[in-house]
């Protein structure tokens, strides 16, 4: 969260922090409630407090974030609290054990729990939840955000704070910030109309952001005037005005973005959306043209970024494996479902909507679904539901996206058998040892994601029949030791993601995948070799190879130097990696060669200085053999940024080599570490051999500069 982009909230932040940390109150757990309209900035204020690196982090031993939303289900909230503490979902653990783990983690600690977007006005429900927090130390606090003052009363708030709207001055700053570069050099007439539009937003940050985001793409003065003069904004009620601003922003979205946005209605409130998955769903629905020069996945990233800019998607984050995620604001989420009206269904009891339903989203429900409800459905999301199987269900021709979470095996087989027209299938937390063979009949399938199916051991050999499959992902499938040979028959496969899998090697047939662009292994700790044989066959279009935390992996094959399109190679935390292939300098398009924590690397190959596009390296090891690169090869790598560690400086023999490095010219490097030798060369007892810039005198470092 970039705090410099938030205006006019310092006073509110300081007030909330002072109340959360004051020691004069006798309550065991203080509760501070922030009350305000949706979109007024309550969550943003809570994040400012949550991320405070001074008072909050010094005062509290444990700081947790729980998104609550409308359904106040005590058991689900306890699971979310467990996830915030343990960093993972409880996954079928009994509630008693989950509760005990929470109690143990909180025992005797002064904690802060931020509970965002609370709706319950039932005091009894709140008391049931509070039981799970009683083991914390005195002085612990809860920061709660809600739209209704009745919520604050139901939870017996110690303090209640009414969220103010932004001042006109701060509203203008938010407006200009979200116009971005479009605000530079605008004619006075545009600026005047923009100010008038901003004032109609009544100081509500979300409304200002989305309208400014839409305006930034409008070049004509008439378009700006049409928004200013829209009668949708001529309402007095503040809550209705916020919705009107959001609706007006949607009306002015380009058609292709409208379709992509409405698709997001399928997800529950507060859902963490993975960019890769969302783009694959858009492709499955035909929202992204496939006949352009660009790959559809790259076009999809542009669509995704556009929805971020207009504020319809928000909270973009990137994790350790470069997975990009986002969320939707609850008001934006409500907007998507209101626009769809009867085309969206979230309950199996809705009989009168069966003929119109296009988006079906079911969570925590049970019973029999009217088979007619599926007839026109294009996107289907189901989680934690016990649905009675209807064996008379017809094959559904309209369905394109299917997301199945926490389903029983019978339901999995039924849906796969009847949804053969689907283009996207995501299976998560299903207790199955094998995927149904019927999946091979899903001739239109373009993306298959299997996530946290921990008992899964095999993919069907018939998977090679999926000729349109573009993306295959296996995540947390420790029992999967290999992929079927038929994987090489998936002619369209462009991305293969394996994370937390027991995979040991890859089948020979993978060499046939001439459309493969991304090959990713993360936490595949048994993987020892990338491909079983050389050369790489038809893999000429590979652009990305990721081998992060593959701790048994020892070397890259020589033939990798023939992959002329390669742009990204991440070998971080491959702790057994010893050598890189000679001739790696031939990879002229390479921009990332991440070698961080490759602690046994003996040296970089000679010629690596030819990688003049390289932006990330992380580690440069000076070897003691003629085949290894000398330190002078860093001379032309001026685009390097981030962190750089140079090891084995003791092997620098020629002072002229060191003079050629010109480290001071490499302005992008933010952190530099210099090691006289490899700290792993002699074992742990020689850790003191580390040589850092700060620890050595200027004279000792002069050979480097």
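P(r) tail for region 210-321, what percent of Cα pairs lie past 23 Å?
Percentage above 23 Å: 37.
Binned at 5 Å from 0, what are the whole-percent values of the Cα-Cα distance distribution for region 183-232, short to long?
Histogram of Cα-Cα distances, whole percents per bin: 5, 20, 36, 27, 11, 1.
Label points 7 Å out from Cα along the Cβ direction at residue 492 and residue 55: separation in nm?
If labels sit at residue 492 and residue 55, their model points lie 5.6 nm apart.
If you average 1/r over every pair of different alpha-carbon atoms in region 593-633 and take one over that average, what Kirkwood value in Å do you get?
Across region 593-633, the inverse of the average 1/r is 10.5 Å.
For the pair residue 551 and residue 229, what calculated FRET efficiency results from E = 1/(1 + (r/R0)^6), where r is the Cβ-Cβ distance and R0 = 56 Å, to the nearest 0.05?
For residue 229 and residue 551, the calculated efficiency is 0.35.
Once you order the gyration tensor axes a ≥ b ≥ c over the Cα atoms, which shape class does region 84-142 get: rounded for a/c under 1.5, otherwise prolate or oblate by comparing a/b with b/c?
Details: a/c = 1.56, a/b = 1.12, b/c = 1.39.
Oblate.
Using 0.36 nm per residue of separation minus the Cα-Cα distance, give me the extension gain between residue 130 and residue 76 in nm, one decimal.
Extending this stretch completely gives an extra 18.1 nm.
With Cα extents along the principal axes in Å as the read-out, I listed [x] 71, 63, 51; [y] 77, 65, 61; [z] 135, 69, 54; which label goes with the value calculated from this structure?
Computed from the coordinates, Cα extents along the principal axes in Å corresponds to [y].
Return the Rg/Rh ratio of region 275-328 with Cα-based radii and a Kirkwood Rh.
0.98
Using only the Cα atoms of region 425-528, build the gyration tensor, take square roots of its eigenvalues as a ≥ b ≥ c, and label the shape rounded, prolate or oblate: rounded if a/c is under 1.5, else prolate if a/b is larger than b/c, else oblate. Show your work: numbers first, answer last.
On the way: a/c = 1.59, a/b = 1.13, b/c = 1.41.
Oblate.
Could you tell me the extents of region 168-251's C-alpha atoms along the three principal axes, largest first, rounded to whole Å?
Cα extents, longest axis first: 35, 26, 19 Å.
Place a label point 7 angstrom from the Cα of residue 368 along the Cα-to-Cβ direction, then list the residues of region 411-444 whose backbone nitrogen is under 14 Å away.
Those under the cut-off are none; the list is empty.
Distance in nm between label sites at residue 109 and residue 240, each 7 Å beyond Cα in the beta-carbon direction?
4.8
Determine the gain in length on full extension of the stretch residue 338-residue 218; use 0.36 nm per residue of separation and subtract their C-alpha separation, reporting nm with one decimal.
On the way: separation 120, 0.36 × 120 = 43.20 nm, distance 2.55 nm.
Roughly 40.7 nm would be gained on extension.
Give the calculated FRET efficiency between residue 468 and residue 324 to the nearest 0.05, with a Förster radius of 22 Å applied to their Cβ-Cβ distance.
That pair, residue 468 with residue 324, gives E of 0.35.
According to a simple spin-label model (label point 7 Å from Cα along Cα-to-Cβ), what is the distance in nm between residue 558 and residue 156?
That separation, rounded to one decimal, is 7.5 nm.
By count of other Cβ within 10 Å, fewest leading, how are 454, 546 ordered?
Listed from fewest to most nearby Cβ atoms, that is 454, 546.
Rounded to the nearest 0.05, what FRET efficiency is calculated for residue 346 and residue 662 with R0 set to 45 Å and r the Cβ-Cβ distance?
Computed FRET efficiency for residue 346 and residue 662: 0.15.
As a footprinting exposure proxy, order 239, 511 by other Cβ within 10 Å, with the fewest listed first. Present the calculation step by step, with values, prior to reporting the outcome.
Details: 239 14, 511 19.
Sorted ascending by nearby Cβ count, the order is 239, 511.
Using a 10 Å cut-off on Cβ atoms, rank the peptides 621-628, 492-499 from the highest mean neighbour count down.
Values: 621-628: 15.9, 492-499: 20.5.
By packing density, highest mean first, the sequence is 492-499, 621-628.
Could you tell me what a quarter of the Cα convex hull surface of region 487-613 works out to, in nm² with one decimal place?
Numbers: hull surface 26.4 nm².
Result: 6.6 nm².
How far, in nm, would the chain grow between residue 195 and residue 408 when pulled straight, counting 0.36 nm per residue and subtracting the alpha carbon separation?
That works out to 71.2 nm of additional length.
Which of 282, 676 comes first, and how do the rest follow, when ranked by fewest Cβ neighbours within 10 Å?
676, 282
Counting only DSSP beta bridges with both residues in the chain, what percent are antiparallel, rounded to the nearest 5?
Just about 10 percent of them are antiparallel.
None of the figures in this text is laboratory data; all of them are computed from the coordinates on show. Predicted model only: the values in this text are computed from it and were never measured. Heads up, the Cβs are rebuilt from the backbone with ideal geometry, glycines too, and the neighbour counts pull from every protein chain shown.
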